[in-house]
Amino acid sequence: MCGIVGFVGKKPAAGLLLDGLEKLEYRGYDSAGICVGSNNGFQIEKTTERIQTLKNSTHNGEYLVGSVGIGHTRWATHGAPSYYNAHPHTDMDGRFAVVHNGIIENYLSLAKELKREGVTFVSETDTEVIPHLLAKYYHGDFLEAVQKTVARLEGSYALAILCRDDPDTLIATRRFSPLILGVSSDANYIASDVTALVNHTKDVLYMEDGDIAVMTADSHTVYDKLGQPVERPISRVTWDIAAAEKGGYDHFMMKEINEQPKAIEQTIECRIKERHVEFDEIALDRKKLEQFNKIQIVACGSAYHAGVVGKYVIEELLRIPVEADIASEYRYRDPLADEHTLVIIISQSGETADTLAALQEAKRKGAYTLSIVNVVGSSIAKASDDVLYTWAGPEIAVATTKGYSTQIALLYLFAIWAARQLGTADRHELHQLLAELRTIPEKIDRILDQADTLKEMAKRLTRTDSLFFIGRNLDYAVAMEASLKLKEISYIHSEAYAAGELKHGTISLIEKGRVVFALSGYEKLADKLLSNIKEVKSRGATVITVTQEGNMLAAKESDDIFYIPRTHSLFVPLLEVIPFQIYAYYVALFNGCDIDKPRNLAKSVTVE
Ligand code: G6P
């Protein structure tokens, strides 16, 4: 969703800002704008098209003169995508320019107050109250005006602000919305995420809620929510810009699909010592684990689907009740959580608004919170009692692939570790499981080698308008993700069904030629799944089965079959999801869809 960049230094700002905005395009946006400041005032340029349009209209930024600036990609919430609603917004005198990510919940009452005082609004956004408030509270001191303004705001915000009277200064502040400071000796940067600034500096500072940062070319001072100067630690980003570029692939999604073996390896290997799992980074230990009588896994989208895998795996190894819940449901249902509940929060971005709110709800109830997050220093990571990072590297394609699979890899590690701590599974069996988990990256490579087979399969199915994915147990969990992948990027309707549930209604939709993907990797229930295959075949369905090598019975009953390498049933999801990611990719490609930036979707959903 909305993205922010800001720069103050000794070089021209515009080109840097436009490059930064391009790096944030993946988050999803419908309009964009930049403002560059100098002793001669502000120059503002906006578009309701792509960043490339801004680049063209400003001759790659050369027409905008100044070495301080802010930029924004907008994902409309209040007011349609339009020139006037695009950021930056200014006050009536054009003294302040503001870009904003988040939602100002009390903007209607603030706007009413400002209108009574004679202010005229030009946009329909919640953001526009901010420059007007700044103008109201400005008596020659930029910082004081910002402090007084944010004190009036309710809701969530990351803000970057320029003041015409102070053209060497950039001020940034945040509350419940991400904002990162990039520091260097002769310039300072801000951005919604690291991808926009890692090209310029790897030294970043993660701002805390309520922080206000005052930056010039060679200094940065952070004030906490009480207005006191504070030292926030500077962290070093461990990856470089190549990780956030396509590297020869046509799309980020295909690059990220192919990165999964490495991403999983990076996520698990650093936590395996000898033949055991060790989590040095968390405070959770055997004593605490023993106090839990249930586990709740809470997340959105694919992260929720990873949670469903986690539910089956943890229940099997720990014999403790596990619920997997959608964050937007959990946060409003007065969940039954207390100090005996472990709540596992899963989020690639670490910024999903519903997931963050669910985490806060769990904490209010007294639960212990452990998050599984990819983005270091993100809001969810910071707010949880413990965090386990997936070391997947930056994920740019909106439809997650390596984010999802590394989340599952960590859930396996967690289950194996906790089962050993609690003694709920045989030690020898746990060793074997861990050894098998370590073979998964190489087995994924073997599936990736068969991408052409899946491409041909996709070619035959591009005209399908609706299809089904059926499975049981872990196969059902993967079916949910397979169906979502296809919907997200190819816009083809599909449904994931627990195979045994078909006969309770949905089987009425099975007719001649209806494509049904049968997921049958979970061997314990392969016989049961075979009955479901026969059930839909006898009603005319075209069945394509994905199963483990050696399942000859399924081959006999199916119209087409794709084999994944043999593995322990528990690890089937990590292999079984791969063909469906590739299949969805090619269906979208053949249908001419925008694979990395599907319509209406955002990578990081930072508003409710
Ligand atoms: C968006 C993305 C999905 C993602 C979901 C949760 O909807 O398009 O791919 O699964 O958010 O995101 P998170 O960052 O919390 O994992």
Q. Using alpha carbon coordinates only, what is the Rg to Rh ratio of segment 87-237, with Rh defined as the Kirkwood radius?
A. 0.97
Q: Kindly give the semi-axes, whole Å and largest first, of the ellipsoid equivalent to segment 504-608, taking each as the square root of 5 times a Cα gyration tensor eigenvalue.
A: 28, 19, 14
**Q.** Viscosity 1.002 mPa s, temperature 20 °C, Stokes-Einstein D of segment 256-361 from Kirkwood C-alpha radius, µm²/s
**A.** 141 µm²/s
Q: Let me know the charge dipole size of segment 552-606 about its Cα centre in debye, to the nearest 20, where only the beta-carbon of Lys, Arg (+1) and Asp, Glu (-1) is charged.
A: 220 debye
Q) Can you give me the pair-distance distribution of segment 344-431, C-alpha pairs, 5 Å bins, whole percents? A) 3, 15, 22, 20, 17, 12, 8, 3, 0
Q. To the nearest 20 debye, what charge dipole does segment 497-608 have about its Cα centre, counting +1 at the Cβ of each Lys and Arg and -1 at the Cβ of each Asp and Glu?
A. 200 debye
Q: Relative to the longest principal axis of the C-alpha atoms of the chain, give the angle of the C-alpha long axis of helix 474-490, reported between 0 and 90° and rounded to the nearest 10°.
A: 50 degrees
Q. Sorted from fewest to most neighbouring beta carbons within 10 Å, what does the list K112, K23, K46, K363 look like?
A. K112, K363, K46, K23
Q.
Can you give me the angle between helix 451-461 and the longest principal axis of the chain, using Cα atoms only, in degrees from 0 to 90, rounded to the nearest 10?
A. 90 degrees
Q. Where does each of T567, T195 land when they are ranked from fewest to most other beta-carbon atoms within 10 angstrom?
A. T567, T195
Q) Between C270 and K556, what is the spin-label point distance in nm, taking each point 7 Å from the Cα along the Cα→C-beta axis? A) 4.9 nm
Q: Could you please report the charge total around Y137, scoring K, R as +1 and D, E as -1 over all other residues with beta-carbon less than 10 angstrom from its beta-carbon?
A: +1
Q: Please name whichever of A397, V375, A425 sits farthest to the positive end of the charge dipole of segment 360-511, dipole taken about the Cα centre and charges placed at Cβ: Lys and Arg +1, Asp and Glu -1.
A: V375
Q: Using every pair of alpha-carbon atoms in segment 554-608, split the distances into 5 Å bins beginning at 0 and state the percent of pairs per bin, rounded to integers.
A: 4, 14, 15, 17, 17, 13, 12, 6, 2, 0
Q. At each listed q (0.15, 0.22 Å⁻¹), what is the log10 of I(q)/I(0) that the Debye formula gives for segment 1-121 modelled as equal alpha-carbon point scatterers?
A. -0.66, -1.24
Q: Please turn the phi angles of segment 27-33 into ³J(HN,Hα) values with the Karplus equation 6.51 cos²θ - 1.76 cosθ + 1.60 (θ = phi - 60°), one per residue in order, whole Hz, x for glycine and proline.
A: 5, x, 6, 10, 7, 7, x
(Q) Quick check: the distance between the Cα centres of segment 399-455 and segment 554-602, to the nearest angstrom? (A) 17 Å
Q. Using unit Cβ charges (K, R positive; D, E negative) and no other charged atoms, how large, in debye to the nearest 20, is the dipole of segment 1-68 about its Cα centre?
A. 180 debye
**Q.** 222 nm mean residue ellipticity, helices alone, for the chain (DSSP H n ≥ 4; -39,500 (n - 2.57); rounded to 500)
**A.** -10500 deg cm²/dmol
Q: For segment 48-113, build the convex hull from the C-alpha positions and give me its volume per residue in Å³.
A: 114 Å³
Q | Candidate aspartates and glutamates for bridging to K46, where Cα separation is under 20 Å - those fewer than 8 sequence places away on the same chain excluded | A | D19, E22, E25, D30, E62, D91, D93, E124, D126, E128
Q | Projected area, mean over directions - the chain, Cα convex hull, nm² | A | 27.6 nm²
Q: Amide H neighbours of K294 under 5 Å, at least 5 residues apart or on other chains, H built in the peptide plane: list them.
A: L342
Q.
So for the chain, averaging the separation of alpha carbon pairs under 8 Å that are six or more residues apart and normalising by length, what relative contact order in percent results?
A. 11 percent
Q. Can you list the HN-Hα couplings for segment 197-202, worked out from phi with the Karplus curve (6.51, -1.76, 1.60; θ = phi - 60°), rounded to whole Hz and with x for Gly and Pro?
A. 10, 5, 5, 10, 8, 9
(Q) Quick query: amide H of A496 versus all other amide H atoms, modeled in the peptide plane; which residues come in under 5 Å with a sequence gap of 5 or more or a different chain? (A) F469
Q) Out of A496, N258, Y585, whose Cα points farthest toward the positive end of the dipole of the chain (charges: +1 Lys, Arg; -1 Asp, Glu; placed on Cβ)? A) A496
Q: At most 15 other Cβ atoms within 10 Å and a DSSP loop assignment: could you name the trypsin sites (Lys or Arg not before Pro) in segment 484-532 that fit?
A: K512
Q: Let me know the shape class of segment 199-279, please: from the alpha-carbon gyration tensor, a ≥ b ≥ c as square roots of the eigenvalues, rounded when a/c is under 1.5, otherwise prolate if a/b is greater than b/c, or oblate.
A: oblate
Q: Compute the long axis of helix 526-537 from its Cα atoms, compare it with the longest principal axis of the Cα atoms of the chain, and write down the angle in degrees, 0 to 90, nearest 10.
A: 80 degrees
Q.
If the reach is capped at under 19 angstrom between alpha carbons, list the lysines near K255, excluding any in the same chain fewer than eight residues apart.
A. K23, K246, K402, K443, K455, K485, K597, K603
Q: Name the residue farthest towards the positive end of the dipole of the chain from the options I268, I440, T58, assuming +1 on Cβ of Lys and Arg, -1 on Cβ of Asp and Glu, about the Cα centre.
A: I440
(Q) What lysines does K528 reach when the alpha-carbon gap must be under 16 Å and sequence neighbours fewer than 8 apart in one chain are set aside? (A) K503, K537, K556
Q. What's the exposure ranking of I533, I582, going from fewest to most Cβ atoms within 10 Å?
A. I533, I582
Q. Using the alpha-carbon centroid of each, what span in Å lies between segment 45-60 and segment 264-309?
A. 44 Å
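No lab work stands behind these numbers, since they all come straight from the coordinates. Since this is a predicted model, take the numbers as computed values, not measurements. Because the Cβ atoms are built from the backbone with ideal geometry, glycine has one as well, and the counts that use them run over all protein chains shown.
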